[in-house]
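Here the structure is laid out as structure tokens; the discussion comes afterwards.
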Amino acid sequence: MKKVSLFLVAMLTMSLSIFAQKFCYVDSDYILNQMPEYKTAQSKLDDIAAQWQNEIQDRYQGIDDMYKAYQADQVLLTEEQRKKREDAIISKEKELKDYQKQKFGYEGELFKKRQELIKPIQDKIYAEIQKLAKQRAYDFIFDKSSGTVMLFANEEFDQSSIILKSLGVKVKE
């Protein structure tokens, strides 16, 4: 009996402390998509990625042309010439894969460019969220667009528009 009453007191205390906490949420994707500087930065990244992708496609086409020429000439080539052309094709493929990894791989140039262009914008948003948390004494601020599972979110707790307003961004409905 003593354990049951102790358990009930503990549960009551926990539930009261939950109600005492202040929380809200923001939607960082929504905030980012409303910011003109984010759209500009994203457009620059898209242009850079498209340029590199086109370059890679052109180089793949060159390798494909080399391979087709090799197949057409294969019966006329000596063993040494075949080996030399095969090695050249393999070498070009390896170079291209390395180039692709250098541009698009983890910590590649696109990743670094994204950090350079997008991170300052995200840092600005984060600073505003921190300021909001201090001003309004929030204990928790969740991000609706992150991996946090929110099965339901009452819009009265959404503070995204306040963050946008403090960043000087006019919301487009």
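Can you tell me which residues in segment 101-110 are part of a helix (DSSP H, G or I) and surrounded by 14 or more Cβ atoms within 10 Å (Cβ to Cβ)? It would help to see each step written out before you state the result.
Step one: filter segment 101-110 for residues part of a helix (DSSP H, G or I), giving 101-104, 109-110.
Scanning segment 101-110 gives LYS103, PHE104, GLU109, LEU110.
Collect the residues in segment 65-99 that are open to solvent by 60 Å² or more (accessible area, probe 1.4 Å) and within 36 Å of the chain's Cα centre (by Cα), keeping them in residue-number order.
Result: ASP65, ILE90, LYS92, GLU93, LYS94, GLU95, LYS97, ASP98.
So if I check each of ASP98, ASP123, ASP64, which one is free of Cβ contacts under 8 Å to residues at least 12 places away in the same chain, under 30 Å from PHE23 (Cβ atoms), part of a helix (DSSP H, G or I) and charged (D, E, K, R)? Write out each step before concluding.
Working: ASP98 fails: under 30 Å from PHE23 (Cβ atoms); ASP64 fails: under 30 Å from PHE23 (Cβ atoms).
The conditions single out ASP123.
Considering only residues that are modelled with pLDDT of 70 or more, open to solvent by less than 80 Å² (accessible area, probe 1.4 Å) and under 24 Å from GLN135 (Cα atoms), which ones fall in segment 147-164? Break it down into steps so the answer makes sense when it comes.
Initial filter on segment 147-164 (modelled with pLDDT of 70 or more): 147, 154-164.
Then drop every residue that is not open to solvent by less than 80 Å² (accessible area, probe 1.4 Å), which leaves 147, 154, 157-164.
Of everything in segment 147-164, those that are modelled with pLDDT of 70 or more, open to solvent by less than 80 Å² (accessible area, probe 1.4 Å) and under 24 Å from GLN135 (Cα atoms) turn out to be ASN154, PHE157, ASP158, GLN159, SER160, SER161, ILE162, ILE163, LEU164.
Tell me which residues, restricted to segment 26-49, are of a type in the set (Val, Ile, Thr) and open to solvent by less than 40 Å² (accessible area, probe 1.4 Å). Talk me through it step by step, then tell me what you get.
Filtering segment 26-49 for residues of a type in the set (Val, Ile, Thr) gives 26, 31, 40, 48.
Listed by number, the residues that qualify are VAL26, ILE31, ILE48.
Please specify each residue of segment 121-139 satisfying the condition of being within 14 Å of the chain's Cα centre (by Cα) and open to solvent by 70 Å² or more (accessible area, probe 1.4 Å). Steps first, answer last, please.
Looking only at segment 121-139, we keep the residues that are within 14 Å of the chain's Cα centre (by Cα), and these are 121-122.
Within segment 121-139, GLN122 is the sole residue that qualifies.
The values are calculated or read from the model by the stated rules, or taken from the named source; none is laboratory data. Everything quoted here is computed from the prediction, not taken from an experiment. As a convention, Cβ positions derive from the backbone with ideal geometry for all residues, glycine included, and neighbour counts pool all protein chains shown. The area values use the complete protein model at the heavy-atom level, side chains included, leaving out ligands, DNA and RNA. Shrake-Rupley method; radii C 1.70, N 1.55, O 1.52, S 1.80 Å.
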